[in-house]
Amino acid sequence: MVVEKVKAKSEAKPVKKVSAPAKAAKLAHGVGRRKTSIARVWLQRGSGSLTVNGKKHTDYFDTELNCKEAASPFQIVPMALNYDVEVNVLGGGMHSQAGAIQLGIARALLSLDESVRLVLRQHGMLTVDSRRKERKKYGQKAARRKFQFVKR
């Protein structure tokens with residue numbers, strides 16, 4: 001029979017409490033979804049920069065169209081230029097990620113100031129684009145495409 005030695009309480013190492021680095025207070029949070037993309041958006045007071053997954057949005061997106069779509073709430077709501085936006089986005093392609101970021105920023109701005117709802121609604125920023133890719137059906141080539149019919 002093997003007997004294990006148990007450390008006495010006096011022998012246990014003291015645990016150091018390490019304080020977390022001071023971060024700027026996050027003021028608002030919004031989530032945007034488009035196709036299979038999910039964007040988590042945080043707003044904090046700042047100079048109006050948009051950071052996507054640790055990069056500037058102009059460096060992250062490959063086309064100018066996606067950059068403009070992601071940053072479009074800044075052009076519509078002028079008070080948005082007083083906030084820095086930090087985004088974590090995953091899934092989908094670049095275009096659906098830009099749409100998810102746009103919706104997330106609009107929702108975060110709405111949580112800060114309810115008076116911008118009418119302006120955002122008029123520009124379609126709060127409307128969720130619910131279109132998804134249709135699944136492929138068995139016995140067919142794609143979702144709706146059939147195999148070529150041969151009579152003889």
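Of the residues making up the range 63-73, just one is surrounded by fewer than 16 Cβ atoms within 10 Å (Cβ to Cβ) and closer than 14 Å to Met125 by Cβ, namely Lys68. Gly92: surrounded by 18 or more Cβ atoms within 10 Å (Cβ to Cβ) and part of a strand (DSSP E or B), yes or no? No; evaluated as a whole, the condition is false for this residue. Screening Gly99, Gly46, Gly93, Gly54 for residues that are among the small types (Gly, Ala, Ser) and more than 30 Å from Ala25 (Cβ to Cβ) leaves exactly one candidate, Gly93. I'd like the residue in the range 122-152 that is polar (S, T, N, Q) and within 23 Å of Ser37 (Cα to Cα) and, out of all such residues, is surrounded by the fewest Cβ atoms within 10 Å (Cβ to Cβ). Top of the filtered list is Ser130.
Of all the residues in the range 74-89, those that are at pLDDT 95 or above, surrounded by fewer than 22 Cβ atoms within 10 Å (Cβ to Cβ) and in contact with a helix residue (DSSP H, G or I) (Cβ under 8 Å, 6 or more places away or on another chain) number 0.
The values are calculated or read from the model by the stated rules, or taken from the named source; none is laboratory data. None of the values given here were measured: they were computed from a predicted structure. Backbone-built Cβ (ideal geometry, glycine too); neighbour counts: all protein chains shown.
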